[in-house]
Structures are given as C-alpha cells and as structure tokens.
1. As a check on your grasp of the helix formula, calculate [θ] at 222 nm for the chain: sum -39500 (n - 2.57) over DSSP H runs of n ≥ 4, divide by the residue count, round to the nearest 500.
2. By how many nm would the segment from Ser215 to Val472 lengthen if fully extended, with 0.36 nm per residue of separation less the alpha-carbon distance?
3. Show me the ranking of peptides 248-257, 317-326 by mean Cβ neighbours inside 10 Å, starting with the highest.
4. For the stretch 395-410 and the stretch 295-314, write down the distance between their C-alpha centroids in whole Å.
5. Pulled fully out, how much extra length does the chain show between Asp130 and Ser83, if you take 0.36 nm times their separation in residues and subtract their Cα-Cα distance?
6. Arrange the following residues from fewest to most other Cβ atoms within 10 Å of their Cβ: Phe150, Phe200.
7. Below 15 Å, Cα to Cα, which aspartates and glutamates can Lys208 reach? Residues fewer than 8 away in the same chain don't count.
8. If the cut-off is a Cα-Cα distance under 15 Å, which aspartates and glutamates reach Lys425, setting aside same-chain residues fewer than 8 apart in sequence?
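Please treat every number below as a calculation from the coordinates, not as lab data. Given the structure is predicted, the values throughout are model-derived calculations rather than measurements. Here the Cβ is made from the backbone with ideal geometry for all residues, glycine too, and neighbour counts use every protein chain on show.
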Amino acid sequence: MKSKLFIILLASVAFGCSEFLEETSQTEIRPSTVSDMEKILESEAYFSGAEAYMFNRGTDIFTDDMQSNALPENTSLLTVKESWRYRFTWDATMFNESGGGEDLTFWSLPYERINRCNLVLEYIDDMDGDEAEREHIKGEAYTLRGFYYFMLTNFFGLPYNYGNPAQNPGVPLKLDSGVTDDRLARNSVAECYERVVTDFRQGVAMMKANREAQSTQVTRLNYLAGYALLARTYLYMENWESAYNYADSVLAEKPDLLDLKASTSNCVYYSTSPDEILWAGAESYSNNSGYLTGMLHPYTVSMDLAAVYQQDVDNGITDIRGDYGNNADTYGNTFPSTYLKQGRAWNAETSAYDYWIAAVVKGNSGTTTGLTYNGGVRTAEMYLIRAEAAIRLYIETGTRSYAESALQDLNTLREHRFEAGYVVKELSAFASGEELLDFCLRERRRELCGEGNHRWFDLRRTGMPQITHVYVDNSGYETTFTLLREDPRYALPIPEGIIRRNSNLTQN
C-alpha cells in the first residue's frame, strides 16, 4: 500500500486530475509515517501564503467595498488595472484569455487542495505513528476539504437560500484522490452543502476527541475552528438555531476579543496578539505592502465602505477600525490597529504627498517572515453570527430575550473596537427587529471587511442586491456598470479553459 501511495503522489503532482488541476513540479515523496503525512497536509492540503489572497479576499473586487481610480501616467499598474477591469465590471470573460487573461485558479486551486486532502484521508491509516496524531490529522483533512467545497460552492453556485438548492447547480464533488480523467458533472448546491456539513462534523469530532495532539500553530485547524466553520455554514443555510448553537459552543470556550484601544494590540490577526484567532490564513506580505507606500492603486477601498464606519457612532466616540487617518506606524514595520489603511505617494507637481484609503489590512507578522495573518476565522465573527441568528429568531418568534442577547453580543464586540467612552446601544433605540438586523449587518460589514470573502458572500445570501461600480479611466472619464438585483452573475463564470477540459460541466 505504501508503494502504491508513492506512485499516486508522483502521478498526482506530475499530472493532476486533468479536469481540475494545473501541472506542478515533480517532487519525490516517500511517506511511511504519520509525521510524513502531516508534512503533506501542511505543505499540500493547507493553502500557501501566495494562494491565501483568493481565500481571504479574492472576491472583494466584485463588491461595494472597492472602487476604481485614475492612475498617474507611466505607472507599472496600468496592466493590472486593465486585466482586473473585467472582474470589477462582472464581465463573463473575466477568467478567460479573451477577457482579463486566463485564470483557472478560482476553480482549479481548491480542487488541487481537495485532492491532497483526499490523499491524506485514504492513506494515513497505513502509516506508522501515534494514533491521536493520526486521528487529528484526519480531522484536519476532513475540515479542510469542507472548507474548500464551501468556497467553491459560494464562488460558482447560487446562494443556498435562493430558489431550490436541490436543483441549482453547485460544483462537482470529488471524494477520492484517484488520478483519473473523470468528467464529473456539477452536483447541486444542496448536495455540496450536505458534503460541507458532513466533512465539518466528521472533522470536528475527530479533532475534539484527539485535541491533545492538536498543533499550537495558528495556521493549523482545531475543533473550535471547526465549530466556527459549522456556525458560518449554518448561517448561510438559514438554520438559525444551529448557527447560534455552534457559535455559542466556540464562545463558551474562547470568548476573547482583542481590545483595539490598547496601543500594543496592533490588529486582530497580529501574530503577537492572537487573542481572538481561531484559525489564521497567512498571506504573502507583498499583497499588502505595495498599497501603503508606493503609488495609487487602480482598485482601492471604496468611500462607501469608509462611510459605514461613520454610522452608528454616538457622542463622537471614534470607531478605531475606520480611523484611517491614524497612521503613526503605517510606513514602518507595523500597522496601527485600524482596519482601513491610508496609502501615500509623492506628487512632484505639488511637492507634497497624495493620500488615499489604500487597503484593508487586519494584521502583520513582520516583513522578515514575508507573511501577514490577514484572514481566517475569529471569535469576532462568532459574536456576529450568534447575534444575527438570535435576531432572526426574534423576528420569527417575537421572543424578546433573543433581541436582548443579540444586542449584548454586538455591544461586547463594539466595546473592543471603539475609543474609551463607548456608549452602549439600548434595545429601545430600535423600532423593530428589522432595524436591529440592519444594524447587525452593518456591524458585520465593518468588522469582517477584507477577509474570508465575507462581503461578497454576504451580499449573495442577503438578497443579491443591485450594486453599481463606476470605472474611472486614466483621463478621469467615468463609466457606470450595474449588477442587477438577483443577477445570475452573482455566481462566477466557470473559466472556459475548465469547460474545454470537461464537457460535462454546464456554464453559469
């Protein structure tokens, strides 16, 4: 069996599954122990820093959190602006050679990682080693596989709560590592979510039963992160009670929140203050650094997002997250604890710096490592999920205790995000459950921007509203593009390169 695994590893690395994977370099791996399989899990199943941008915020360009800018002449970013224009305008050819340039990664990269999860699950039982470590690694592999299918389904399928999920096409479910030329058709959205929930539940059970073997690295999964991913999934499925209960299970054991008022806190994914991190997706540092010091970028934080931080503010107390003028350390090796970062570039014509809201950055591990913890799963999201689920139950049942519980969670979060003197919100300030829900969703946007693809996924699950993007060319001329309410383009187009490989796939 071990020699067979060696053959499969070489074949999968060299050739992949032709309908899903891109060719990668050939590397000899001769696994014989649980520790060997753990190395495969870490290096092949978990996404890398170079890949993390897609899983953290690759869909932000589609949302109302981003805007287009005119660029100075002769900037090296003109090519980036043109290629990303297709995504910013929701063009059906955005991933094709005829559009923004062939990009298969939104489809192929998750499947490549799924294939490695499948490989670990199929062969780790034949490896020598500690039983608890073996079972925890299997739990991580199940949870990772569920995470990738969750992402794929929300990239390419319609929202679970739109139409009939049992009929709406999701993505193909591949549950083995066989290097075959299968031409798999798309499973339904409902089948994909069923697989996600099954994998998460299986993974959580194994990680919790063997938690003495869990890694201390924040980039490795554990059972609390699995609970959190289940809470997120059930929220999308509008199973409010399960979403509430799983979020509550996390917070019962880890209620910690980072207090942004503390000058040393830096930011929520900062490596030296991991108070609320449940699982961190480390991202290449270069994805952030250029926004802050070099030149105006073609697509930056929208004024619409910046304005949300000016809402729901009482007595002039500053919401630290949106205080992008707080730039004491922006141009050094650390960032202030704001989420919105202000960039600058020297303007020779005015002999002064030009400033703009450049990017969302949630943390930094320092330039020496080349990585920044800029996404993942946090306890803050659990407070928001528990609050939203409670509000939804309040609207459905009229039970006041749900609303009181929700507002307590929102106040707890906000007390850690505002300057001293924060004014606690009272339930009497909200005329209805719908008003309270709108407040909760604004808070969710403020807190979760720029990570986890939350904004795009939230727009999808909350009715797929109409969005307008204004594309600004380099002369300053503006062209308006509109994503209509319930527009089919809320499901991304499958790259034509993938369709060519697998004729059984139907296009969105």
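1. The helix-only estimate for the chain comes to -13000 deg cm²/dmol at 222 nm.
2. 87.8 nm
3. Details: 248-257: 17.0, 317-326: 19.0.
The most tightly packed comes first, giving 317-326, 248-257.
4. Using only Cα atoms to place each centre, the spacing works out to 29 Å.
5. 12.0 nm
6. The most exposed by this proxy come first: Phe150, Phe200.
7. Leaving aside aspartates and glutamates fewer than 8 places away in the same chain, those within reach of Lys208 are Glu131, Glu133, Glu135, Glu140, Asp199, Glu253.
8. Asp312, Asp314, Asp319, Glu404, Asp409, Glu415, Glu435, Asp438, Glu443
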